[in-house]
Structures are given as C-alpha cells and as structure tokens.
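Participant: Below is the structure I would like to discuss, written out as structure tokens.
The values are calculated or read from the model by the stated rules, or taken from the named source; none is laboratory data. None of the values given here were measured: they were computed from a predicted structure. Reconstructed Cβ throughout: ideal geometry from the backbone, glycine too, with neighbour counts over all protein chains shown. Calculation scope for accessible area: heavy atoms of the full protein, side chains included, ligands and nucleic acids excluded. Shrake-Rupley method; radii C 1.70, N 1.55, O 1.52, S 1.80 Å.
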Amino acid sequence: MEDYKKIYPLLPLRDIVVFPHMVVPLFVGRDKSIAALEAALSFDRFIFLSSQIDPSTNDPVEDDIHKTGTISHIIQMLKLPDGTVKVLVEGRQRGKILHYLPNDRYFQVTVEEAPPVSFTGPRAEAMVRNVITSFGGFTRMSKKVPQDLVDQVNSITDALRLADTLAAQLPFKVADRQAVLELDTVWERLEKLLILMEAEIEVLEIEKKIRGRVKKQMEKSQREFYLNEQMRAIQKELGHGEDGRSETDELEDKVRERGMSKEAETKALKEVKKLRMMSQMSAEATVSRNYVDWLISIPWHERTEDKLDIVEAERILDEDHYGLEKVKERILEYLAVRKLVAKLKGPILCFVGPPGVGKTSLARSIARAAGRKFVRMSLGGVRDEAEIRGHRRTYIGALPGKIIQQMKKAGTMNPVFLLDEVDKMSTDFRGDPSSALLEVLDPEQNSTFNDHYIDLDYDLSDVMFVTTANMLQGIPLPLQDRMEIIRLSGYTEIEKLHIARQYLVPKKIEENGLSKEKVFFSDKAIIEIIRYYTREAGVRSLEREIASVCRKIAREVVKSDARERIVVTPKAARRYLGVTRYRYGEVEEKQSIGVATGLAWTEIGGDMLVIEVAILPGKGNLKVTGKLGDVMQESAQAALSYIRTRAELMELDKDFYQKLDIHIHVPEGATPKDGPSAGITMATALASALSRAPVSNDLAMTGEITLRGRVLPIGGVKEKLLAAHRGGIKKVILPRENEKDLVEVPAKIKNSLTIHLVEHMDEVISLAIDLSKKAQDCSAEAVEAPQAPPESGPPDEDVVTH
C-alpha cells in the first residue's frame, strides 16, 4: 500500500477537470501554482492536478480543493511576456490526497495513487455497448460533437479508456465531470456517463420540439418575431424562470399592476393578447401598442393630498394676488367643506373679467394654495370637437383629446385644470367644441367622461376646473349653466398702486438686473403712470410701462456707472416715458348743449361714452352715427319717442319733430358700440338739444329707457363706476334697481361719487339739465344747436325760462 503513496506538488484548477490520457494546455498565473510547476520540473516533471470547489476563489486553502484529482506529466512549459505560464500536461492516473505537507511556496501533498483496474466480461461488454449507443444518439441530436471524436470513441475497446475519453470530451458541467472522476469503479463511471448522456439527449429532443413548434407558427421572413416566440416556448416548456421575458409579457404585467378600472383592465389585456399574435412590424401592432401605452400612462388612482390648512391657504392667496376677495373666499369655502366631507366633487368656476386682472395667474395660485398639480389648456381659436374628445383609433395618427393629454401631464386624478379663454372657441364643419365641454364641465356627467380614443369611462369628478373668459356673451347658455360664474372687475387706482408697489415694481427691477437698494419708485410716480400712460381695467399695460422705465434706468446705470440711488418721481417718469398718452379726467371743461356723458361696459372694463345731439332744419329725420348696433339704435328711437310724449311739459311744439332733423352721434366711430344702457343718456342729450339748456359737465349716467320713461336696470355697475372715478366724474345717475349692486363697489369709489338712484326719466332730466340756464348763458362754443326755421314761430318760442 505504501508503494502507491507519493509526494507531488499540487496545482489547483479552475473550471476544468483533467482525466487520464487527456492532453490539455493550461494557463497559470498564481504565484503558488507557478512555484508548484517549477518544483515539478526540477524533480521528475510529475504534478498533481485537482479542481477547486469554487472556481471564483483566488487564493484557495486546503478545504477549497477537491480531494480526488489526476497525476499528470508536464510535457512543455512556456513563460509568457505578461508573467503567466503556459503549460501542456498529460493526465496519467487518478489519485486521492491523503494530507498536505507544510510548504510556504506551494501546495505539496501526499497522494494515494489509484492504479487502473481492468473491466472485462459480459457485463463490461453490455455496458460499453449501451454507452456507445447512447453516444451515437447524442451525436445525432447535437451538432457540437466533432467527427474526429466520434471516430476516436468508435475505435476504443477498453472500458476504462472509453469512460475517461467521454467524460473529458462531452459538454458536461464541471461538477458532473468531477463526480465521474471520483467514482471508484469503471462500472460506476460508465453508468454515470450513461445517465448524463440520456439527460442531455432528452434536453436536445425538447429543444428540437420547441424549434419545430415555433417554425410552424412563424413566417420565415419574421426573424425577430420568431426569436420572441422561441423564447416564450422555452419558458413554457421549462415552466419557470424570469430571464428572457418578452415585451408583451412586461406590458401585461404593467397593465395588471396599474390599478385601472375593471373595464379598462379587461380592454387593455385584450389588446395585449391581440398584440401577441401580430408581427411587431405591422401597423396594427403599433396602433395597439400606443393604445395600451396611453392606458398605462394616464392616472387611474393617483391623487395629491389637499392642503386643508385654511390659514395657510389664505396666506398663499394673499401673497400672490391683491384684492379679489370674492374669489379667495370661494376657494377657502371649498377647502373648509373638503376638510369636513371626505368625498366632494371638484367645483367648476368661471372667472369673467377684463384682460390683465389676474384670472389665469389666480388659477395657478389656487393650485398652490390647495396643494394640487396645475395644468392649463388654452381654448382660444379651438374649433374642432376632437381637440376635446380626441380622434377614434381608426384614424391614422389618432390621439386622445387635450383633456386626457393634460390629465396624463398632471399625473394625478385631482389637479387644478385651467380652461383658458373659454369664450374664444368657434364652430365650423368639424364640430362644436363648446358642446363637447358640456360633459366635461357637468358635475353629474364628468365622472364618466368618454374620450373617443380611450373609449372608456374616465373619472373627472375630482378635478377642480377653472375657466376664464372676457365676456359671457361668447359662452353658450348651456355651458354657462354648468359653471359657477365669478366676475372679476377692473382694479381701482388705489388697488393698482398696491399691486404695482407689492408685485410689479420688485419683479421688474429684478428682471432688469437692478436692485431695490438702487432704484425706488415713489407712489406719486406710479400714480402718474397709471393716470397718464395707461387706460385699462387690469395691470398689463402698467407692468409694461414700469418695465420700460426700468430698462431706461438700466441703460443709464451701465452708461454712466452711477452708484447713487435712483428715485423715480413723476417728473422722472415723464422723462422716461415721453409724452403722456391719455388725459386724466375726461370731464367736459364747460357745460354744453346736446352733449351728455354716459357710462359703458367693454371687454377691458368700464369706459365713458360721450353722446352728442345736433338739431338741424329738416323734415323729421332721425340719423344715428358712430357704428352703433341695432339695440343702441332702437334705444335712440325710444328716447326720441319719450321726448315727444313730454313735448308739452318741455314747452316744445307738438309737431317739432316734423320740422327738424335730429342727428345723434357717439364719438370714436371706428369702435363698435351696442347695448341698451345708453338710453337715458341719449334722452338727456336730446332734451338738452331741444330745450337748448346745457347738461351738467361733471355728471355721468347709465340706464335703459322705456317708451313710458321708466329707467330699467343695467349690468356692469362696478366697472362703470370705476370708469367714472377714473374720468373725474363727481355725480352718477343709476337705475334704482341697481342699488343692490353697489355692495360690490369699493367704499373709496362710492365715497368719491355722488350717486343718484332714479326710477323715471323725469328725475334724470331734473338732475342733469338746469333749465334756468338757457343758450344765452352758455358759451358760444357750447351753443352748437341752430335755431328752428322761421316758419316754426318766433326765434325764442322753444326757449322757456323758469
């Protein structure tokens, strides 16, 4: 027994098992391994080769190396330039490590040799035949076995040599080869090899079956699809594993994990199933894929948590906007109710007001105060219904409507959704977008909003919709009925001063590279700009003028390198902005006959309207000029009819209208004007011209007149009073039924005006016309109405002095 024990240097191997009769090149780089080779070369060129248990171990110890290995002979060794060694070895016989000898330079072991044992007889013959038959089946199934190996195996008659050759050459795992090497008898080794080959043959048959199944399903030209199908078939055959999952599998997982409604998930999975059966290059596959992607990308259950701190929300609203108390109050009410009620449908607000009063920025501020995402959609010029509802998927390049697109952008189910310029939509042959908005803005219907592209019910009930408009007239009545309309009037002079001081001036100073320490706008300078360089309800023009001043200051600073603080005074403002554009206070300097001042409402706020009447010799014709609408022309006729009914009280001839031509003109003839609210102003101007008594020059009025002289209520009271205040008017005549609207007018405006509430035209004439002042008391400039023709009586017949 001692004859079979010898001492050898040990070379641990990685990812390879060396068998007897096997010649193999090895690349050696570890210092211990190179030292073992040198020791073997210096003695008898024999070395013991054994595989590591874990090939990733760089510095193995005794327990990391298999006990069973192969005693090998070094045929040739070559040192390479990179320091590694290439060695050619030949396995001679098996051996087993008994124990390790102490050696610091390399592993040195005592090995018990296992001399070869002959295996003959009928059992050996039967086993060899079975192994060779199995090997033949393996070579027929696998294309990886070289022909020279087949010839070599067929020529081997020794069972031991056959076992070593097959174990070394066939594509088995390292662990399986090591298991074969460790078996003691040839019978066991051949039996193990037979099992391994049969298992490989079974795997190869399954692979062939998979390839055949896939080929039947796919066309030859669709290579990419074929590979995907093959991968899926492999997964199906093995029944496990996540690697190599197809794109449609990932898509299906996303659909199931998205948390869609049951209807949406069913439809999406149906599309994914169709996608599996299509070529990825086909147009139909692209349509289906895009549809599923849209279903996955839009929010189904994501929500932001509302900020229900009323005090904090109020602070944010005040920080962003000055005034606008009614709007802020409505938002805070919503948040308060939301705090008390878990489920509350989002409000649908409509801000109506002139440009520049902060409607759009207010919606953004609401989102910040409520802690919600903000999305905006401009409806100006939209004339296609598909912009709202989307196109059906049958069209090439179809997409969802802007509502769904913006919901995807928001990423939540409860954003603040701004529909800007809702009054600017138009209608043509492609549909009516305002009708499509009826479903979106109806709290009872928008929980099941149906986009043509998505073709599923989508819940918009949690969205806080905010719409903006300049005029209600451009919004269809059914759409108005679905919204809570909040009017934003123009700002007063004091409000504009606060806005400029708190927001506009600091903003423009920073934008133009200046600082508060270097530039200061006095309140008088801001008032100067407001009065003489802007004429608007909002603050956009004011912002532009302030920006213009800042740019000119920036130029001066750069040019002169001025370091002292620049104070913008009224005089400096005029120097920077040039000639004044507007005259502050449009009050007529002198009382005039046939001239009355009215108050009008426009898209940009209130305005003052001068109405002039001239009396000419003629045949009773009434001429109305100034680009007036039908309603305003009818108001002129109603005013004349009223004056005719009052001819006797005004001491006019009963047939005065038959001998005179009356011309009513409203200046600024290029601007269209319409509406009934100028009725009492026209009647006053007519009464003044016919009685030749002047109208008070610091008085303005508004109201609709009837044939019986009743004064009916009008709209836009706040805007009209703001215009009167801007124009320097002292007294205003309003219909008595508009007394309720004075609540919304700022106290400062009401205190600066003397407001007369009237019910009848007789009251208006008594307030507006001083019949004690006849034409002879008026200036020549004011007396423009000619005398009646001679045949109507004495020259002063129509002039009655009270």
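Participant: Note down all Cβ pairs under 6 Å where the first residue falls in region 74-90 and is loosely packed, with under 11 Cβ neighbours inside 10 Å, the second is in a strand (DSSP E or B) and among the hydrophobic types (A, V, I, L, M, F, W, C), and they're at least six residues apart or on different chains.
Facilitator: Gln76/Leu88
Participant: Residue by residue through region 399-419, note down the ones that are under 21 Å from Lys359 (Cβ atoms) and open to solvent by less than 10 Å² (accessible area, probe 1.4 Å).
Facilitator: Matches in region 399-419: Ile403, Ala410, Pro415, Val416, Phe417, Leu418, Leu419.
Participant: Could you please let me know if Leu460 is aliphatic (A, V, I, L, M), within 23 Å of Arg303 (Cα to Cα) and touching a residue at least 40 places away in the same chain (Cβ under 8 Å)?
Facilitator: Judged against the criteria, Leu460 is a match.
Participant: Does any residue of region 249-263 turn out to be of a type in the set (A, V, I, L, M, F, W, C), outside any helix (DSSP H, G or I) and modelled with pLDDT under 70?
Facilitator: no
Participant: When you go through (1) crowded, with 20+ Cβ neighbours inside 10 Å; (2) part of a helix (DSSP H, G or I) one by one for Glu739, which number turns out not to apply?
Facilitator: Failing condition for Glu739: (1).
Participant: Something else now. Asp44 is checked against (1) more than 26 Å from Leu160 (Cβ to Cβ); (2) surrounded by fewer than 15 Cβ atoms within 10 Å (Cβ to Cβ); (3) of a type in the set (D, E, K, R) and fails just one. What number does that condition carry?
Facilitator: Failed condition: (1).
Participant: OK, next. Out of everything in region 82-136 that is in a strand (DSSP E or B) and acidic (Asp, Glu), what residue ends up being modelled with the lowest pLDDT?
Facilitator: The extreme case among them is Glu113.
Participant: Residue check: is Thr70 crowded, with 18+ Cβ neighbours inside 10 Å, under 16 Å from Ser33 (Cα atoms), touching a Phe, Trp or Tyr at 6+ places or on another chain (Cβ under 8 Å) and not basic (Lys, Arg)?
Facilitator: When the stated conditions are applied, Thr70 passes them.
Participant: Give me a count of the residues in region 15-65 that are of a type in the set (S, T, N, Q) and part of a helix (DSSP H, G or I).
Facilitator: The qualifying residues number 2.
Participant: Keeping to region 463-501, report how many residues are touching a residue at least 12 places away in the same chain (Cβ under 8 Å), loosely packed, with under 15 Cβ neighbours inside 10 Å and acidic (Asp, Glu).
Facilitator: Residues meeting the conditions: 1.
Participant: Within region 368-384, is even one residue acidic (Asp, Glu), more than 19 Å from the chain's Cα centre (by Cα) and open to solvent by 50 Å² or more (accessible area, probe 1.4 Å)?
Facilitator: No, region 368-384 contains no residue that is acidic (Asp, Glu), more than 19 Å from the chain's Cα centre (by Cα) and open to solvent by 50 Å² or more (accessible area, probe 1.4 Å).
Participant: Here's something else I'd like to know. Tell me yes or no: at least one residue of region 269-279 is at pLDDT below 80, open to solvent by 60 Å² or more (accessible area, probe 1.4 Å) and either under 30 Å from Ala500 (Cα atoms) or not basic (Lys, Arg) (or both).
Facilitator: yes
Participant: Related question: Looking at region 536-555, which of its residues are in contact with a strand residue (DSSP E or B) (Cβ under 8 Å, 6 or more places away or on another chain) and either surrounded by fewer than 20 Cβ atoms within 10 Å (Cβ to Cβ) or in a loop (DSSP other than H, G, I, E, B) (or both)?
Facilitator: Selection gives Glu536, Ala537, Gly538.
Participant: Test each condition in (1) open to solvent by less than 20 Å² (accessible area, probe 1.4 Å); (2) in a helix (DSSP H, G or I); (3) at pLDDT 85 or above for Trp294 and report the one that comes out false.
Facilitator: Of (1) open to solvent by less than 20 Å² (accessible area, probe 1.4 Å); (2) in a helix (DSSP H, G or I); (3) at pLDDT 85 or above, only one is false for Trp294: (1).
Participant: Right, Leu460: assigned to a loop (DSSP other than H, G, I, E, B) and open to solvent by 40 Å² or more (accessible area, probe 1.4 Å) or not?
Facilitator: Against the criterion (assigned to a loop (DSSP other than H, G, I, E, B) and open to solvent by 40 Å² or more (accessible area, probe 1.4 Å)), Leu460 does not qualify.
Participant: Which is over 30 Å from Met260 (Cβ atoms) and among the hydroxyl-bearing types (Ser, Thr, Tyr), of Ser461, Ser522?
Facilitator: Ser522 is the lone residue from the list that is over 30 Å from Met260 (Cβ atoms) and among the hydroxyl-bearing types (Ser, Thr, Tyr).
Participant: So if I check each of Arg376, Arg368, Arg338, which one is free of Cβ contacts under 8 Å to residues at least 60 places away in the same chain, assigned to a strand (DSSP E or B) and closer than 27 Å to Glu314 by Cβ?
Facilitator: Answer to the selection: Arg376.
Participant: Right, something else. Wholly within region 612-723, which strands (runs of 3 or more DSSP E) include no fewer than the required count, namely at least 3 residues that are open to solvent by less than 50 Å² (accessible area, probe 1.4 Å)?
Facilitator: Counting at least 3 such residues, we get 660-665, 699-701.
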